[in-house]
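Enquirer: Starting off with a structure, shown below.
The values are calculated or read from the model by the stated rules, or taken from the named source; none is laboratory data. Because the structure is a prediction, the values reported are computed rather than measured. Heads up, the Cβs are rebuilt from the backbone with ideal geometry, glycines too, and the neighbour counts pull from every protein chain shown. Each accessible area value is taken on the protein alone, full model and side chains, heavy atoms only, with ligands, DNA and RNA left out. Shrake-Rupley method; radii C 1.70, N 1.55, O 1.52, S 1.80 Å.
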Amino acid sequence: MITGDALVALAMLIYFVVIITIGFVYAKRSNSSTDEYFIGGRKVGPWFTALSAEASDMSGYLLMGIPGLAYFFGASEAMWTCIGLAIGTYLNWLFVAKRLRKYSVRAGNAITIPAFFSNRFHDSKNILSTIAALIILLFFCVYTGSCFVTCGKLFHTLFGLDYATMMIFGAIVVFLYTMVGGYLSVVATDFVQGCLMFFALAVVMIGSLTAVGGVDATVAFLQNIPGYLDGTAQVVPLMDENTGVQMVEGDTPLFGEPGEFGVLTIISTLAWGLGYFGMPQVLVRFLGIRSAAEVRTSRIIAVVWVVISMVCALCIGFIGRAMLPTYFGTNAAAENIFIVVAQMILPAFMCGVVVSGILAASMSSASSYLLITGSSVAENIFRGVIKRDATDQQVMIVSRLTLVVVLLLGIFIAIDENSVIFQVVSYAWAGLGASFGPLMLCSLYWRRTTKQGALAGMLTGALSVVIWHNFIKPLGGVFGIYELLPAFLLSLLAIFIVSKLTPEPEAAVLEEFDTYMDEDVFAEDSEGEKEKAAA
């Protein structure tokens, strides 16, 4: 007789086989050139673009981080974070996607975000692209580590297997299909994984709600927890000083008087949405979409997917607290609520399918981080600075060597099984959002932005996140806000001041800015493929 664990494992094995097969299917086409390997030759349709962008963005924190945060601390932080992310998703697609798709072609056919910055400002020494690539390398190693944490926690919770061993196994699988298949395999697997994540969230939310007795029963239970459903209150679990675990009395978890989740804190939490303007894993999808005219379709698909998915993730955390009020004693442990609920309410094989959604979330994101980091280092540092006459083959070799480095660093970061996924992601998100977000907006909308201003903005954003997170935020009070908000504003200020203090851009840069949205500059054929500039 086949055991339940065997059926769960079978479903997950099928998932692994499908994902790796997709990587090999696209291998030949992807390896034909760097343009194909890094952005799929700009031939990706709206559905693949939308779901790939969101699946790569919504890493393990969607299925584990957000439900865990909602379970342990109630509605306030998780809810406002999700609202900020939903708004940021919409605004990014509305204000950045179409313009970046057009400008990237106008600016020397840039195929990476660092290359776009250097080409946009005619940075012949590639200083901007080198600094941008180093920032990506720094923060994407942290991001990649958060995805590997997800893999380790999943297998440890499901089967009791060693966390470190399974974390490394998941990391190697992601590495293999990213290295072999390039951008097209990442986009294709992201599409499959985006569909699976959506299905998994919906099934677990509906199933858990039915199991707990419906909406009324859930709300009635949660209303007894001080401040739990109040978006302006901070839930305070009472923790045992010796064990660091939430105290319980019988079957009741203990909470203190809720703290205030004030206006400044709400604004700080909503600031998560600002990060989208600087997320390379999302922005690169804008470069690869088949046609700027298809951006609107992608925007609708992406926003609908994000809103429904995050509502489901929040509800799973809330319902989980009503179902299993004392099951998890720490925030780190609570991030397993999705897995435990799925095991409780679903048949074994279906549980395996659903929890594969967690693998989908982490693997789709990790593959994007690996690919973008590899492309940035190989294209922008190796070919941009070290060996300008490098061939496509040499660039792809360096890219794959970079993947190995990021893989090892990500594993090192993820080796601690007590890591809280949400906290790890929030740090990397702030770093990338503050480094690139203000510069991206200024690059697309302010013609007076100078190369020196761009460099000042990137460095200010990155350093502000590190300094604020490690030295200022611990002071608490008004300084306890999410580091992305002050760092984003400081980066904007640096770009403005330095650009005003330096000579305006040369005529060629201004001419490109004034004409990049002109439909006559670049014609798109019936299949949406780019053509060369008429000049």
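Enquirer: Would you mind working out the accessible area per residue for the chain, using a 1.4 Å probe, and quoting it in Å²?
Expert: 37
Enquirer: Another question, then. Suppose R0 equals 41 Å; then what is the FRET efficiency for LEU254 and ILE472 from their Cβ-Cβ distance, rounded to the nearest 0.05?
Expert: With R0 = 41 Å, the Cβ-Cβ based efficiency is 0.80.
Enquirer: Here's a follow-up. I'd like the accessible area for MET344: 1.4 Å probe, protein heavy atoms, all chains in place, Å² to the nearest 10.
Expert: 110
Enquirer: Report the label-to-label distance for LEU408 and GLN234 in nanometres (one decimal), using points 7 Å from each Cα along the Cα→Cβ vector.
Expert: Distance between the two pseudo-spin positions: 4.1 nm.
Enquirer: If R₀ is 56 angstrom, what is the calculated FRET efficiency for the pair ALA6 and GLN423, using the beta carbon separation as r and rounding to 0.05?
Expert: 0.95
Enquirer: At most 11 other Cβ atoms within 10 Å and a DSSP loop assignment: could you name the GluC sites (Glu not before Pro) in the range 208-280 that fit?
Expert: Loop-located and lightly packed - GLU241.
Enquirer: Moving to a separate point now. Quantify, in whole percent, the carbon and sulfur part of the accessible surface of the range 304-443 (1.4 Å probe; protein heavy atoms only).
Expert: 68
Enquirer: Divide by every residue of the chain the summed helix terms, -39500 (n - 2.57) for each DSSP H run of at least 4, and state the resulting mean residue ellipticity at 222 nm, rounded to the nearest 500 deg cm²/dmol.
Expert: It lands at -22000 deg cm²/dmol.
Enquirer: Run the quick spin-label model on THR502 and VAL17: label points 7 Å from Cα toward the beta carbon, then report their separation in nm to one decimal.
Expert: 5.6
Enquirer: I've got another one for you. In what order, largest first, do LYS473, LYS451, LYS500, LYS153 sit by accessible area if the probe radius is 1.4 Å?
Expert: The ranking, largest first, comes out as LYS500, LYS451, LYS473, LYS153.
Enquirer: Something else about it: Multiply the residue separation of ASP216 and ALA164 by 0.36 nm, subtract the distance between their alpha-carbon atoms, and state the gained length in nm to one decimal.
Expert: Using 0.36 nm per residue and subtracting the Cα-Cα distance, I get 14.6 nm.
Enquirer: Need one number: nm distance between label points at LEU459 and VAL385, each 7 Å from Cα along Cα→Cβ, rounded to one decimal.
Expert: With each label point 7 Å from Cα toward Cβ, the separation is 1.3 nm.
Enquirer: So what does LEU489 come to for accessible area, using a 1.4 Å probe and Å² rounded to 10?
Expert: Solvent-accessible area, nearest 10 Å²: 100 Å².
Enquirer: Now, a different point. If the only charges are +1 at each Lys and Arg Cβ and -1 at each Asp and Glu Cβ, what is the size of the charge dipole of the chain around the Cα centre, to the nearest 20 debye?
Expert: Roughly 1280 debye, rounded to the nearest 20.
Enquirer: Is the shape of the range 97-256 rounded, prolate or oblate, going by the alpha carbon gyration tensor and its root eigenvalues a ≥ b ≥ c, with a/c under 1.5 for rounded and a/b larger than b/c for prolate?
Expert: Prolate.
Enquirer: For GLN234, enumerate residues with amide H under 5 Å from its amide H, sequence gap 5+ or separate chain, H modeled in the peptide plane.
Expert: Result for GLN234 returns GLY259, GLU260, PHE261.
Enquirer: Now for a separate question. Suppose accessible area is computed on protein heavy atoms with a 1.4 Å probe; arrange ASP190, ASP416 from highest to lowest.
Expert: ASP416, ASP190
Enquirer: Let me ask something additional. If I compute mean projected area of the Cα convex hull in nm² from the structure I just sent, which labelled value in (1) 24.8; (2) 45.4; (3) 31.3 lines up?
Expert: (1)
Enquirer: Any idea of MET279's accessible area? Nearest 10 Å², probe 1.4 Å.
Expert: My reading of the accessible area for MET279 is about 0 Å².
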